[in-house]
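Read the structure below first, then the notes.
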Amino acid sequence: MTYREALRETLREAMRRDDDVFLIGEEIGVFEGSYKITAGLLAEFGDKRVRDTPIAEEGFVGAAVGAAMLGLRPVVEIMTINFSLLALDQIVNHAAKIYGMFGGQTSVPMVIRTPGGGGQQLAATHSQNIELYYAFVPGLKVVAPSTPADARALLRAAIEDDDPVLFLENLALYNTKGEVPDDLPPAEIGKAAITRAGTDITLIGYSRMATIATQVAQRLSEESGISAEVIDLRSLRPLDRDTIVASVRRTGCAVVAEDDWLTYGIGAEVAATISDGAFDYLDAPVRRVAAAEVPLPYAKTLEQIALPSAESLYTATLETLAAVGRRR
């Protein structure tokens, strides 16, 4: 099924299984969602459990925080992660902190689903990858599935979790397809996946860049005989540092690919993790591939130049290996 269908079916199953699960957000009911993730759910569950809201992110995210504190399990849809900035106070100062500030007397079991990413010609204020804002905050969990199977497994885990979870989607992934087993269990939040084993270099990514890393690893194998190991982070907070470090200790080289900006990005934290845990095993500095540090242009040609690509990751990988004499 597609990534989009995996999300929809997981929401449907969660709502059938637990009456406390409800959906809230802009245009998710009558319009069936801007990306049709919630298509058919209003007809099946009614407007008490599929709640259309005004364009007021701070208001409906705040309402969801309150509902979660009282025992419900809201799944919030924010139209894009860019608009989550309007609810930053509710997410960072309330959802993330209530459990700790009240000594564990109440939890906030809510999910905030929101897509991001460029490549759709939506211009600078609608194409950002600002997950770093949230991965930075203790009290939140932040996950970023790259495949339909992971979308299903991680969304199940997020809905069942008693902590607030920011669930990151990428607009470029909605129509991608993959096998999704019927009996797929919830994923373990905080556990990365080694999606391809290798011995020469470790490629690390999440969301869209994890799928691109897999494509690049395949190309490296076919064209140069290079064995690249691929890690899909899946979870940005908590971050699976053990899997990252163990892989780089085996391969001795690493390239981190991300859709956000280079400075202060997720890749910087991954690189620091490698430095802390695998420095003596490195044969070359950790390379990072990220978006150009500009507001994303609207023009298609400029947008594509600004975004990280399979070609830029491929080139960075070959340059890293050439620096240590491993390029074949």
Original post:
How big is the antiparallel share of DSSP beta bridges in the chain, given as a percent to the nearest 5?
Top reply: 15 percent
Original post:
Given labels modelled 7 Å from the Cα in the Cβ direction, how far is it in nm from Glu188 to Val92?
Top reply: 3.2 nm
**OP:** Could you name the aspartates and glutamates whose alpha carbon sits less than 13 Å from that of Lys177, not counting residues in the same chain fewer than 8 places away?
**Re:** Glu5, Asp150
Original post:
Once phi is turned into ³J(HN,Hα) by the Karplus curve 6.51 cos²θ - 1.76 cosθ + 1.60 with θ = phi - 60°, what whole-Hz value does each residue of the range 303-313 show in order, with x for glycine and proline?
Top reply: 4, 5, 5, 6, 8, x, 9, 4, 5, 5, 5
Original post:
Quick one: Cα centre-to-centre distance for the range 71-107 and the range 1-57, in angstrom?
Top reply: 19 Å
Original post:
Among Gln120, Gln128, Gln90, which one shows the biggest mean-square fluctuation in a GNM of the chain, springs joining Cα atoms closer than 10 Å?
Top reply: Gln120
Subject >> the chain - mean residue ellipticity at 222 nm from DSSP helices (-39,500 (n - 2.57) per run, n ≥ 4, rounded to 500) >> reply: -10500 deg cm²/dmol
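Just to confirm, what accessible area per residue do you get for the chain at 1.4 Å probe, in whole Å²? Don't jump to the answer; show the numbers that get you there.
On the way: 13730 Å² over 328 residues.
So the chain comes to 42 Å² accessible per residue, rounded to a whole number.
Given contacts defined as C-alpha pairs under 8 Å and at least six residues apart, what's the relative contact order of the range 204-286, whole-number percent?
Values: 93 pairs, mean separation 26.4, N = 83.
Over the range 204-286, the number comes to 32 percent.
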Original post:
When only DSSP loop residues count, what GluC sites (Glu not before Pro) in the range 257-328 have their Cβ near at most 15 other Cβ atoms within 10 Å?
Top reply: Glu293
Original post:
Hey, what do the phi angles of the range 36-42 turn into as Karplus ³J(HN,Hα) couplings, whole Hz, using 6.51/-1.76/1.60 and θ = phi - 60°, x for Gly and Pro?
Top reply: 6, 5, 9, 4, x, 7, 4
Subject >> Listed residues Val30, Val294, Val143, most fluctuating in the chain (Gaussian network, C-alpha, under 10 Å) >> reply: Val294
Original post:
What net charge is computed for the residues neighbouring Tyr206, neighbours being all others with C-beta under 9 Å from the C-beta of Tyr206, Lys and Arg scored +1, Asp and Glu -1?
Top reply: -2
Original post:
Tell me, what ³J(HN,Hα) does each residue in the range 210-218 have, in order and in whole Hz, if you take phi through Karplus 6.51 cos²θ - 1.76 cosθ + 1.60 with θ = phi - 60° and put x for Gly and Pro?
Top reply: 5, 5, 5, 4, 5, 4, 5, 4, 5
Subject >> Partners for Lys48 among lysines (Cα-Cα distance below 22 Å; same-chain residues under 8 apart left out) >> reply: Lys36
**OP:** Report in % the part of the accessible area of the chain that belongs to carbon and sulfur, leaving out ligands and nucleic acids; probe 1.4 Å.
**Re:** 54 percent
Original post:
Hey, rough spin-label estimate for Asp276 and Glu222, points 7 angstrom out along Cα→Cβ, what's it come to in nanometres?
Top reply: 3.9 nm
**OP:** Would you please give the residues with an amide H less than 5 Å from that of Asp260, counting only those at least 5 places away or on a separate chain, with H modeled from the backbone geometry?
**Re:** Ala291
Subject >> Listed candidates [x] 22.0, 77; [y] 19.8, 63; [z] 24.4, 85 - label of the one calculated as Rg and Dmax of the Cα atoms in Å >> reply: [y]
Subject >> Length released on extending from Ile130 to Ala56, taking residue separation times 0.36 nm less the Cα-Cα span >> reply: 24.7 nm
Original post:
Which whole-number percent is the relative contact order of the chain (Cα, under 8 Å, 6+ apart)?
Top reply: 15 percent
Original post:
Most fluctuating residue of Asp183, Asp260, Asp89 in a GNM of the chain with Cα springs under 10 Å: which is it?
Top reply: Asp183
Original post:
Rank Met1, Met110 by accessible area, highest first, at a 1.4 Å probe radius?
Top reply: Met1, Met110
Original post:
For the residue pair Tyr264 and Ala123, what label-to-label distance in nm results when each label sits 7 Å from Cα along the Cα-to-beta-carbon direction?
Top reply: 2.5 nm
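The values are calculated or read from the model by the stated rules, or taken from the named source; none is laboratory data. Just so it is clear, the model here is predicted, and its values are computed rather than measured. Quick reminder, even Gly has a Cβ in these numbers, built from the backbone with ideal geometry, and neighbours come from all protein chains shown. The area values use the complete protein model at the heavy-atom level, side chains included, leaving out ligands, DNA and RNA. Shrake-Rupley method; radii C 1.70, N 1.55, O 1.52, S 1.80 Å.
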